[in-house]
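Trainee: Have a look at this one.
We did not get these values from a lab; they are worked out from the coordinates using the rules stated. What you are looking at is a predicted structure, and each value in this text was computed from that prediction instead of being measured. With ideal geometry, Cβ positions are generated from the backbone for all residues, glycine too; neighbour counts draw on all protein chains shown.
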Amino acid sequence: MAAQLHGEGRPGSLDHMPDERGHEPTPDQITEDALFDVYKPIDAPDGSALFNDFGDVRAYPECHVWTVVDGDEGGMYALAGLHYVNRVGYIVTELPWPDEQAEAVYMTEEEEDDDA
């Protein structure tokens with residue numbers, strides 16, 4: 001289970017609120033919007049926020065790397081650190097994640113269907 005990423009006094013403290021699309025994270029997660037607003041992803045070589053290759057992120061401190069993965073039941077999640085199973089790509093942020101259990105709802109199953 002992911003650690004709570006909001007709360008007074010923690011780096012990147014956030015209110016537990018739905019993102020701009022109305023998706024509400026569990027108490028253990030933050031939204032994609034909060035990930036971008038608080039941790040500030042840097043641009044990948046192609047200008048997007050998603051790095052596709054491990055070789056592009058290995059020079060960064062691991063505490064600044066999030067792995068975007070396909071969820072077992074749909075949707076995508078950004079998990080703190082380097083992960084390999086169900087990996088879609090990586091996000092590198094200006095600010096480090098608060099702990100290795102950090103998790104953000106990156107894209108819901110409904111959003112994936114809309115993008116298809």
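Trainee: Rank these for me by crowding, 103, 62, 32, going from fewest to most other beta carbons within 10 Å.
Mentor: 62, 103, 32
Trainee: I've got another one for you. Non-local amide H neighbours of residue 88 (under 5 Å, H modeled in plane, Pro and chain starts lacking H): which ones?
Mentor: Long-range HN contacts for residue 88: 68, 69, 70.
Trainee: Sticking with this structure for a sec: Rounded to the nearest 0.05, what FRET efficiency is calculated for residue 42 and residue 86 with R0 set to 25 Å and r the Cβ-Cβ distance?
Mentor: Result of the calculation: an efficiency of 0.60.
Trainee: Within 13 Å, Cβ to Cβ, of residue 42, how many net charges do the neighbouring residues add up to if Lys/Arg are +1 and Asp/Glu are -1?
Mentor: Around residue 42, the surrounding residues sum to -3.
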